[in-house]
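These notes are about the structure you will find just below.
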Amino acid sequence: MILSGSRFRFAFVCALLGIALLGSRPAQATIRYRVSLAHNEDHLFQVEMDIPPANNPIVVAMPAWNALYQVRDFTYRIRDLKAAARASANSAESELALTPLDKQTWQLPAGASSSATDVVRYTIAWDDPGPFNSQLNAHHAFVNLAEILMYIPDRRREDTEVIFTDIPSGWKLAAELPAGPDANSFKADTYDLLVDGPVEAGKFAGFDFDNEGAHFRVVVDATEWNKGRLEDFLRHITKYEITLMQGAPFKEYAFFFHIGSYTDVGGGGMEHANCTAISASSVESAASIAAHEFFHAWNVKRIRPQSLQPVDYSKEQPTRALWFAEGVTSTYGAYALERSGLWTKSQFYDDLASQISELQSRPAHKWQSVEESSLDAWLEKYDAYNSPDRSISYYNKGQIDGVLLDLAIRDATDNRKSLDDVLRAMNAEYAKAGKFYNDSVDIRGAVEEVSGKNFEDFFHRFVAGTDEIPYDDFLASAGWKLRIDTTRAPDLGFWPGEETSKGIGVSDLEAGSAAEAAGLRNGDTIIAGRDKAAHRDFSSFLRTRAAGDPLTLRVRRGGQELEISFLVGSREDQHYSIEEIPHASEKQRRIREGILHGTTN
């Protein structure tokens, strides 16, 4: 998954290879789903699940999470849940009682499925834009199947099939899944594989192309887009990344794009084994996200940490490896754009400098390691967690660590080896062998195997630890230096939250600020200021105040209203940039060219 808005969001990744860990597949009939789109204007998917006979009592469950590392309890969207049994396709049904076991699981009566097919029916409401959600409306449908389809926890290895019915006139379907036996149907060997293929329905456009031995399908739902430009971007990205990894791990791959002003603000991408779904405001933004998401076809979908195996749909699944799975994927997203010629060298430098600026601007980098950030991914749904003094992003520091590792490997080997070799080695040792790596321990092992050097200090200080990164020590190996320019900027002394009808919430109040000294407190609600109601674009007014401006706020605290006045303070802002040092040595120039062009000596 890739970023959305000002904070990075990690998207849930379904198991591709974890089926082996669940044991051999039983010889049983197919679990079938029928999904009706008849009530698209009401945003209601109607789902029918046919469960073949079994000897044991059947428990059905709804995943608690999917597409984001957030427990979102999709069960609250379900209504009209019922069950029945039928002896044959044409026989009458008998109603079955469903016994709730907890908020996301139900049990059918014991013995109900010994000879009859059980049928579970329900409707589920979704109208949230992709790629992390599902949506059904008059315009289109986008479906992350794990968000609408129940499963049987102990029968996830059985064959599955989904058929879509009542498709609105003029709509068509697209999914990177094998076609089923019926029109508008798709099949998969397991539930996990089925729900790893999102479905788009609507009046979308698209095109196909072939590159480096693989076939690509592109599905585009857009208000405005340029086919030639998008295809050119995708050809560059796919060619570079497949060549880097010495071949594609698939025969066919699909890009699902939602492009335009109607998309989720900031955009984002969600990786799947053989496809990706991307929401973006423009073709250029979509291509930038695609560079990250396409590399997930290797890193995380196939080069995969053991801590994510097998997927547990019922609860949080913590891992220390997101800095590598997501952050280093961002390293390669930037590499792909620069090395393929879609970015200039200056754009690559600017991106790296912006990542450094983001990390250094967050006080939490002094006490939260990138491994801890990985473990804490499940807290990102809470606004307070995302504040600069509470957390860092494993995307952000992971991307930086990826570049620093690359520089350190090249420096240690006289540019004979690189991080590229580490990814290829892990692909061979884990992905192609159907194995999973043990978080940072095995990443370090791969780095040391490739480089022939001990990297204990690096992983101790900059992965598991919170030491300040000596940027120039690393950058110097490529003949770079970090330039820091300092400017003064106005500082309110607190962070104004989103505007609501009640006002603007106060958070991240800075200790020692003029606002705190005047009596402002975290949790206060600003309801007015300078005769301007807080819910009338007052946050923009606040953010345009200059240092030294007088500011009077009327706030509500509990049932009390207070008036608080103070002068807007100031702070030092640091602007970072990457510069090439003059008179670089021959080795520095070779390493610099190696980074920029993906070459070794």
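Could you tell me whether segment 325-342 includes any residue that is within 25 Å of I484 (Cβ to Cβ) and surrounded by fewer than 19 Cβ atoms within 10 Å (Cβ to Cβ)? No, segment 325-342 contains no residue that is within 25 Å of I484 (Cβ to Cβ) and surrounded by fewer than 19 Cβ atoms within 10 Å (Cβ to Cβ).
Does segment 142-162 contain at least one residue that is touching a Lys or Arg at 6+ places or on another chain (Cβ under 6 Å), of a type in the set (S, T, N, Q) and assigned by TED's automatic domain parsing to the domain that holds P131? No, segment 142-162 contains no residue that is touching a Lys or Arg at 6+ places or on another chain (Cβ under 6 Å), of a type in the set (S, T, N, Q) and assigned by TED's automatic domain parsing to the domain that holds P131.
So that you can scan it fast, the table gives a plain yes or no per residue for (1) touching a His at 6+ places or on another chain (Cβ under 6 Å); (2) under 19 Å from D232 (Cβ atoms); (3) at pLDDT 95 or above; (4) in a loop (DSSP other than H, G, I, E, B):
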| position | (1), (2), (3), (4) |
| --- | --- |
| Y262 | no, no, no, yes |
| A273 | no, no, yes, yes |
| T276 | no, yes, yes, no |
| S285 | no, yes, no, no |
| A290 | no, yes, yes, no |
| S314 | no, no, yes, yes |
| P318 | no, no, yes, yes |
| G327 | no, no, yes, no |
| T331 | no, no, yes, no |
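Taking first residues from segment 366-384 that are under 26 Å from G505 (Cα atoms) and in contact (Cβ under 8 Å) with a residue 12 or more places away in the chain and partners that are aromatic (F, W, Y) and not in a helix (DSSP H, G or I), the Cβ contacts under 9 Å between residues at least 6 apart in sequence or on separate chains come to A377/F10; A377/Y69; W378/W65; W378/Y69; E380/F8; E380/F10; E380/Y69; K381/Y69.
Here F142 fulfils each of the conditions (1) in contact (Cβ under 8 Å) with a residue 60 or more places away in the chain; (2) within 27 Å of L98 (Cβ to Cβ) apart from (2). Summed over segment 159-184, the residues that are over 23 Å from F207 (Cα atoms), surrounded by 15 or more Cβ atoms within 10 Å (Cβ to Cβ) and over 28 Å from the mean Cα position of the chain (by Cα) give a count of 1.
Restricting attention to segment 186-209, the residues being in contact with a Phe, Trp or Tyr (Cβ under 7 Å, 6 or more places away or on another chain) and either acidic (D, E) or over 22 Å from W65 (Cα atoms) (or both) number 6.
From the list D383, D401, D389, the one residue that fits, being at pLDDT 95 or above and acidic (D, E), is D401. Just name the residue that is surrounded by the fewest Cβ atoms within 10 Å (Cβ to Cβ) out of those in segment 288-315 that are within 19 Å of R157 (Cα to Cα) and of a type in the set (A, V, I, L, M). That would be L308.
State whether one or more residues within segment 23-36 are under 30 Å from S307 (Cβ atoms), at pLDDT below 95, surrounded by 16 or more Cβ atoms within 10 Å (Cβ to Cβ) and not assigned by TED's automatic domain parsing to the domain that holds T99. Looking for residues that are under 30 Å from S307 (Cβ atoms), at pLDDT below 95, surrounded by 16 or more Cβ atoms within 10 Å (Cβ to Cβ) and not assigned by TED's automatic domain parsing to the domain that holds T99, one finds none in segment 23-36, hence no.
Listed by first and then second residue, the pairs linking a residue in segment 121-133 that is among the basic types (K, R) to a residue that is crowded, with 20+ Cβ neighbours inside 10 Å, with Cβ atoms under 9 Å apart and 6 or more places separating them unless they lie on different chains, are R121/V47; R121/M49; R121/A83. Where residues in segment 75-99 are in a strand (DSSP E or B) and β-branched (V, I, T), which of them is nearest to L44 (Cα to Cα)? Result: I78.
Of the helices (runs of 4 or more DSSP H) lying entirely inside segment 490-597, the ones with 1 or more residues being touching a strand residue (DSSP E or B) at 6+ places or on another chain (Cβ under 7 Å) and either assigned by TED's automatic domain parsing to the domain that holds D351 or at pLDDT below 90 (or both) are found at 538-543. For segment 343-364, the set of residues classified as closer than 17 Å to R571 by Cβ, touching a residue at least 40 places away in the same chain (Cβ under 8 Å) and not hydroxyl-bearing (S, T, Y) consists of Q360 only. From the list A146, A141, the one residue that fits, being in a helix (DSSP H, G or I) and of a type in the set (A, V, I, L, M, F, W, C), is A146. A174 falls short on exactly one of the conditions (1) assigned to a helix (DSSP H, G or I); (2) touching a strand residue (DSSP E or B) at 6+ places or on another chain (Cβ under 8 Å); (3) of a type in the set (A, V, I, L, M), and that condition is (1). Summed over segment 348-370, residues that are over 30 Å from E593 (Cα atoms), among the charged types (D, E, K, R) and buried (at least 18 other Cβ atoms within 10 Å of the Cβ) total 1. Restricting segment 377-430 to residues that are charged (D, E, K, R) and under 20 Å from L482 (Cβ atoms) leaves a set whose member that is surrounded by the fewest Cβ atoms within 10 Å (Cβ to Cβ) is D411. Within segment 449-471, the set of residues being within 31 Å of the chain's Cα centre (by Cα) and either over 24 Å from S373 (Cα atoms) or of a type in the set (G, A, S) (or both) comprises E449, V450, S451, A464, G465. When A408, A353, A364, A412 are screened for being within 30 Å of L234 (Cα to Cα), outside the structural domain of D232 (by TED's automatic domain parsing) and at pLDDT 95 or above, only A353 passes.
Summed over segment 474-503, residues that are closer than 19 Å to P388 by Cα and surrounded by 14 or more Cβ atoms within 10 Å (Cβ to Cβ) total 8.
Within segment 369-377, identify whether any single residue is among the charged types (D, E, K, R) and in contact with a Gly (Cβ under 8 Å, 6 or more places away or on another chain), and answer yes or no. No, segment 369-377 has no match at all.
The values are calculated or read from the model by the stated rules, or taken from the named source; none is laboratory data. Source: prediction; values computed, not measured. Positions of Cβ are backbone-derived with ideal geometry, glycine not excepted, and every protein chain shown enters the neighbour counts.
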